[in-house]
1. Taking region 165-213 as the search range and keeping residues that are within 17 Å of residue 77 (Cβ to Cβ) and polar (S, T, N, Q), which one is nearest to the chain's Cα centre (by Cα)?
2. State the number of residues belonging to region 155-189 that are over 22 Å from residue 56 (Cα atoms) and either in contact with a strand residue (DSSP E or B) (Cβ under 8 Å, 6 or more places away or on another chain) or not acidic (Asp, Glu) (or both).
3. Go over the candidates 193, 203 one by one and state the one that is closer than 20 Å to residue 69 by Cβ, touching a Leu at 6+ places or on another chain (Cβ under 9 Å) and open to solvent by 10 Å² or more (accessible area, probe 1.4 Å).
4. Filter region 66-120 for residues that are more than 8 Å from the ligand (Cβ to nearest atom) and in a loop (DSSP other than H, G, I, E, B) and give the result.
5. Is at least one residue of region 211-218 in a strand (DSSP E or B), away from the ligand (no atom under 15 Å from the Cβ) and not aromatic (Phe, Trp, Tyr)?
6. In this structure, is residue 180 surrounded by fewer than 16 Cβ atoms within 10 Å (Cβ to Cβ) and without any contact (Cβ under 8 Å) to a residue 60 or more places away in the chain?
7. Quick check on residue 50: is it within 16 Å of the ligand (Cβ to nearest atom) and surrounded by fewer than 21 Cβ atoms within 10 Å (Cβ to Cβ)?
8. When residue 71 is evaluated against the numbered criteria (1) open to solvent by 20 Å² or more (accessible area, probe 1.4 Å); (2) free of Cβ contacts under 8 Å to residues at least 60 places away in the same chain, which criterion, by number, is the only one it fails?
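The values are calculated or read from the model by the stated rules, or taken from the named source; none is laboratory data. If you're wondering where the values come from, they're calculated on a predicted model, not measured in any experiment. We place every Cβ from the backbone using ideal geometry, glycine too, and count neighbours over all the protein chains shown. Remember, those area values only see protein heavy atoms, side chains included, never the ligands or the DNA or RNA. Shrake-Rupley method; radii C 1.70, N 1.55, O 1.52, S 1.80 Å.
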Amino acid sequence: MNGVDGVDYSAQLDALIEHIRSRGFADERVLEAMRRVPRHLLVPPEGRPFAYIDHALPIGEGQTISQPSLVAQMTSLLKLQGHERVLEIGTGSGYQTAILRLLCRELVTMERFPRLALGAFHRLRSLNLPPIVWVMGDGTRGFPPYAPYDCILVTAGCPDQVPPPFLEQLSPNGGRLLLPMGTRSYQLLTLITKRGDKLFTHTYGECVFVPLVGKYGWSE
Ligand code: SAH
């Protein structure tokens, strides 16, 4: 594990993985991917001492890097086998992006703040991951050039109406759309599976994400 500031973060990372496991999380493929992503390199320098605490942290522009146990749960719900094309909405720090990239075949990630998108692009380049398609812009419109997607993961809180582009761009062969849905300050983690023209919805408990802002999301 890369040391910066003269600190070896590997023991802290191990402890975080054990913490997530101790809460009953048992998806070893996801834990292994998390073990390979140095979260301390993806937060601002002042956040490094807290990088391996199971907590969201500020990353600038009023946004946050998601809580690791929630990243684990969301990634696991996608049931990635390695052959999927995935669309991620809300690159943010790039933490979830890096984990997804280790578990799927093709990844498109979208971010509305250029400064966050560029920061994540540069930090992830140093991790030597396979190629990622980086898109700056309003993710509520999805990204048609690469559709259909086997999975769409939204890491910002969506209003109660699913943005239509997500459903249109989701593969009809069991495509999985995972998004926090609810109010601006409180959401339910919602998984929608598309089979043909049918949609099957499950919810997985409460969560709190920053708002999804855009044409089919919240206003500024
Ligand atoms: N997975 C990220 C979460 C960042 S917070 C991480 O762990 O770091 C959610 C992100 O979604 C923010 O960066 C925010 O700017 C972004 N976002 C909000 N609305 C968006 C939209 N319409 N399109 C793209 N990104 C959006």
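1. 190
2. Residues in region 155-189 being over 22 Å from residue 56 (Cα atoms) and either in contact with a strand residue (DSSP E or B) (Cβ under 8 Å, 6 or more places away or on another chain) or not acidic (Asp, Glu) (or both): 17 in total.
3. Of the residues listed, the single one that is closer than 20 Å to residue 69 by Cβ, touching a Leu at 6+ places or on another chain (Cβ under 9 Å) and open to solvent by 10 Å² or more (accessible area, probe 1.4 Å) is 203.
4. Passing the criteria: 67, 78, 79, 80, 81, 82, 83, 84, 102, 103, 104, 105.
5. no
6. In short, no.
7. Spelling it out, residue 50 is indeed within 16 Å of the ligand (Cβ to nearest atom) and surrounded by fewer than 21 Cβ atoms within 10 Å (Cβ to Cβ).
8. (1)
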